[in-house]
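Input: a single structure, listed below in structure tokens.
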Amino acid sequence: MKQLILIAGLVGLITGGLGVNSAAAQVNDPLEPMNRAVFGFNNVVDEIILDPAVVAYRAAVPKPVRSGLKNFLHNLESPLYFANNLLQGDFTGAMTTLKRTAINTMVGFGGLFDFAAAEGIHPDTEDFGQTLAVWGVNDGPYLVLPLLGPSNARDLSGLIVDSYADPINQYANNIDEEEWIYARAGAKALVTKNEVYDIQKDLKRNSSDYYATIRSAAKQSRDAMINDRKNGKNQGYAPLPSFDIE
Amino acid sequence: MTFFKKLMLSLGFLAILMPSIAHADSVESSKKMVQTLANQAIAIISKDGSSMSEQKTAFKKLLNQNFDTDKIGKFALGRYRRQATPEQLSEYTRLFDRMIVEVYTQRFQEYSGQTIDVTNGYEDKQSGDVVVNSLVKGSGSPIAVDWRVRDGKIIDVIVEGVSLSITKRDDFASTIKKGGGNIDALIAHLKK
């Protein structure tokens, strides 16, 4: 726990301290040349590994099994969602996570089935990057991470804290079974890629600068997550960004 | 109370009431417009045996009726619009209209086999625009799609917090910037 607080403190330093989140601000991208290079690398990896993997995954694995894997991996993240909801002071979100985990782990065969969602209990997915944002930490410079894709200084710090704090990762480390961690990361990459595959293809085809398109969409999407506007939650009455015709 | 006072008083009340009546009206009519548009769009995609080009023609008609492509195009060009020559502007507008039909046709095609339900609507205080909230439901978790309406026409579609108009603006700005600040760089790309 002490280490966690220490890391959180460091994060504050890295991301330039406390500040106010400004909605719909332009993305801060001082490292653009480096980011573009990493982005290019990620696209190559996408094209030669992940895209064919998704095509094979869809062909070889029937849909119910695919959603089973997705639900299972999602359920494994529950301790983090729970902790981050609490850290953000979102007790309703924490209770929702607890309910979902209980239902899906016990009735849903260890998380293979998302019965909670069928009951209308939708996930409140919170990570430490979002917690930092709620605490007032600015996102800092935009970063494209190798293999992991769009991020920023704040969310990268959050990612490090989350993977360190993850009880399953800790358990795997303790029993010297690190390959579990890699297997889980690999499976997660495939499942995530499968989810965004079509929309990514669409954006790639329809943009003139794919890098700038992803950068813009990633920032907007992340802001929506921080404001809990994903999956139809909190719909309505959010102030709009300006739409001025200059 | 004299007649004149009464008249002034009732006129005053009217003046207070009028905007709210007008706005409540535009929220309701916007919600209706989006739901009708969604139903028509899904009907186009779901129609058996229609070719891609038939679908596109039908979509184009639907888009021109419901979307303010002129405003969207101007917004997407941002501050570069003021630097453009009239020739560049008319070329851009023509290409943008073509592209937007393409983009939205594909976007709607992704919604085939799903339902779009309007859930809420409100007036954005700052801009005076109407926002219509909807949920696209398919096999997975529902997707939140918001429609921004100005002067009775759609100017933006926001999918899970990602605005198509803003994403396009950022895309275009970067393309022009990379091309040394010249709009021709963007026009060349839109021609492809």
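Compute the distance from the alpha-carbon center of segment A:43-69 to that of segment B:156-192, in whole Å. Spelled out, the Cα-based centre of one part sits 30 Å from the other.
Could you tell me whether chain A comes out rounded, prolate or oblate from its Cα gyration tensor? Rule is a ≥ b ≥ c as square roots of the eigenvalues, rounded for a/c under 1.5, then prolate if a/b exceeds b/c, otherwise oblate.
Details: a/c = 1.34, a/b = 1.13, b/c = 1.19.
Since a/c stays below 1.5, the shape of chain A is classed as rounded.
May I ask you to derive the FRET efficiency for A:Glu177 and B:Gln35 from their Cβ-Cβ distance with R0 = 51 Å, giving the value to the nearest 0.05? Efficiency, rounded to the nearest 0.05: 0.45. With the gyration tensor restricted to C-alpha atoms of chain B, the semi-axes of the equivalent ellipsoid amount to 35, 26, 15 Å, longest first. Of all beta bridges that DSSP places with both ends in the protein assembly as shown, some 95 percent have antiparallel geometry.
Quick check on segment B:91-169: take the gyration tensor over C-alpha atoms, sort the square-rooted eigenvalues as a ≥ b ≥ c, and tell me if it's rounded (a/c under 1.5), prolate or oblate. Note, shape of segment B:91-169 comes out oblate.
Each label was represented as a point 7 Å from its Cα along the Cα-to-Cβ direction; for A:Phe115 and A:Phe91 these points are 2.8 nm apart.
If you run the Gaussian network model on chain A, springs between alpha carbon atoms under 10 Å, then out of A:Ile168, A:Ile199, A:Ile160 the most flexible one is A:Ile199. Averaged over the residues of peptide A:199-209, the number of Cβ atoms from other protein chains lying within 10 Å of each residue's Cβ is 6. For a quick check, take a GNM of chain B with Cα springs below 10 Å and name the residue from B:Arg169, B:Arg107, B:Arg148 with the largest mean-square fluctuation. Highest fluctuation of the listed residues: B:Arg107.
Could you state the number of Å between the C-alpha centres of segment A:149-208 and segment B:28-51? Between the Cα centre of segment B:28-51 and that of segment A:149-208, the gap is 37 Å. Reported value for the protein assembly as shown: 203 Å³ per residue, from the convex hull of its C-alpha atoms. Mean projection of the Cα convex hull over all viewing directions, computed for segment A:101-207: 9.4 nm². In terms of other Cβ atoms within 10 Å, A:Ile49, A:Ile175, B:Ile158, B:Ile143 run from fewest to most in the order A:Ile175, A:Ile49, B:Ile143, B:Ile158.
For segment A:65-158, the direction-averaged projected area of the alpha-carbon convex hull comes to 6.6 nm².
What ranking do A:Trp135, B:Trp147 get, fewest neighbouring Cβ atoms within 10 angstrom at the top?
A:Trp135, B:Trp147
Here the Gaussian network model covers chain A, with springs between Cα atoms less than 10 Å apart; of A:Asn138, A:Asn85, A:Asn206, A:Asn206 fluctuates the most. Using the Cβ-Cβ distance between B:Ser46 and B:Lys191 with R0 set to 25 Å, the FRET efficiency works out to roughly 0.15.
Among B:Ser51, B:Ser90, A:Ser163, B:Ser30, sorting on how many other beta-carbon atoms sit within 10 Å of each Cβ, with the fewest leading, yields B:Ser51, B:Ser90, A:Ser163, B:Ser30.
None of the figures in this text is laboratory data; all of them are computed from the coordinates on show. Being a predicted model, the structure only gives us computed values, none of them experimental. Quick reminder, even Gly has a Cβ in these numbers, built from the backbone with ideal geometry, and neighbours come from all protein chains shown.
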